[in-house]
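Visitor: This is the structure, below, for whatever I ask next.
The values are calculated or read from the model by the stated rules, or taken from the named source; none is laboratory data. What you are looking at is a predicted structure, and each value in this text was computed from that prediction instead of being measured. So basically every Cβ, Gly included, is an ideal-geometry build from the backbone, and we count neighbours across all protein chains shown. Heavy atoms of the whole protein, side chains included, go into the accessibility calculation; ligands, DNA and RNA do not. Shrake-Rupley method; radii C 1.70, N 1.55, O 1.52, S 1.80 Å.
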Amino acid sequence: MIYQSVNHLKEHNREVIYDAEHFFDGHLSNTQYALDTLASAKKGGADFLVLCDTNGGTDYRDIGRIVRQVRREIPDIRLGIHAHNDTGYGVANSIEAVYSQVEMVQGTINGIGERVGNADLITIIANLSKKGFETKGNIPLTKLTHLSKLIYELANLPPNRSQPYVGDNAFAHKGGIHVD
């Protein structure tokens, strides 16, 4: 069914980004079946295979190992990552996947999303830029704070003062706290 669905869309000149929901949990339960689903999407003509940590529980050290396995066993395909943040690893998992040569990172501004959220694109973009990775888009890094606050405002949520890079507490230093 995966092959047929992807192939149908490709026959109608559509870009196909195949999100392999629950991929990492599936890989743990039945590695070969999880890889076979990706191979079917590739055979159907998918433009990207996006590996999803839908439950947000995969350890970042496993992300790299599994992405490299996918890269070996299903070569010549563009890969992406979609990480939830249930264990606090959404950003780390996304960055580890980039180090393992995925090209697409899915996430949300400020990590806003279901349950405890998704990988925070603000933090990911800033960290990748700091390490010299080029990112696509036309938002200058100097505008990330404005973008973050705008999204909080539109979502009717208070800004996270402790958010990396853009929170009011980021890079602040109060004298005496370290002594305590």
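Visitor: In segment 27-86, what residues are assigned to a helix (DSSP H, G or I), more than 25 Å from R14 (Cα to Cα) and hydroxyl-bearing (S, T, Y)?
Guide: Hits for segment 27-86 are S29, T31, Y33, Y60.
Visitor: Residue by residue through segment 59-86, note down the ones that are touching a helix residue (DSSP H, G or I) at 6+ places or on another chain (Cβ under 9 Å) and either open to solvent by 20 Å² or more (accessible area, probe 1.4 Å) or charged (D, E, K, R) (or both).
Guide: Pass one, segment 59-86, residues touching a helix residue (DSSP H, G or I) at 6+ places or on another chain (Cβ under 9 Å): 59-64, 66-67, 69-70, 73-74, 76-77, 79-85.
Matches in segment 59-86: D59, Y60, R61, D62, Q69, E73, D76, H82, N85.
Results for (1) assigned to a loop (DSSP other than H, G, I, E, B); (2) more than 30 Å from R72 (Cβ to Cβ); (3) aromatic (F, W, Y), shown as yes or no for each residue.
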residue	(1), (2), (3)
V105	no, no, no
N110	no, yes, no
V116	yes, yes, no
A126	no, yes, no
Y152	no, yes, yes
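Visitor: Separate question: Quick one: in segment 6-45, of everything that is of a type in the set (A, V, I, L, M) and in contact (Cβ under 8 Å) with a residue 40 or more places away in the chain, which residue is most open to solvent (accessible area, probe 1.4 Å)? Walk me through how you get there before you give the answer.
Guide: Of all residues in segment 6-45, those of a type in the set (A, V, I, L, M) come to 6, 9, 16-17, 20, 28, 34-35, 38-39, 41.
Now drop any that are not in contact (Cβ under 8 Å) with a residue 40 or more places away in the chain, which leaves 6, 17.
On the way: V6: 7, I17: 72 Å².
Among those residues, the one meeting the criterion is I17.
Visitor: Further, regarding this structure: Under 23 Å from T58 (Cα atoms), among the hydroxyl-bearing types (S, T, Y) and either surrounded by 11 or more Cβ atoms within 10 Å (Cβ to Cβ) or in contact with a strand residue (DSSP E or B) (Cβ under 6 Å, 6 or more places away or on another chain) (or both), is that true of T145? Walk me through how you get there before you give the answer.
Guide: Details: under 23 Å from T58 (Cα atoms): no; among the hydroxyl-bearing types (S, T, Y): yes; either surrounded by 11 or more Cβ atoms within 10 Å (Cβ to Cβ) or in contact with a strand residue (DSSP E or B) (Cβ under 6 Å, 6 or more places away or on another chain) (or both): yes.
The answer is no for T145.
Visitor: Based on this model, can you work out whether N156 counts as free of Cβ contacts under 8 Å to residues at least 24 places away in the same chain, surrounded by fewer than 21 Cβ atoms within 10 Å (Cβ to Cβ), polar (S, T, N, Q) and over 23 Å from V50 (Cβ atoms)?
Guide: yes
Visitor: From the list G56, G107, which one is within 13 Å of the chain's Cα centre (by Cα), of a type outside the set (K, R), open to solvent by less than 20 Å² (accessible area, probe 1.4 Å) and within 27 Å of G167 (Cβ to Cβ)?
Guide: On the way: G107 fails: open to solvent by less than 20 Å² (accessible area, probe 1.4 Å).
Testing whether each residue is within 13 Å of the chain's Cα centre (by Cα), of a type outside the set (K, R), open to solvent by less than 20 Å² (accessible area, probe 1.4 Å) and within 27 Å of G167 (Cβ to Cβ) leaves just G56.
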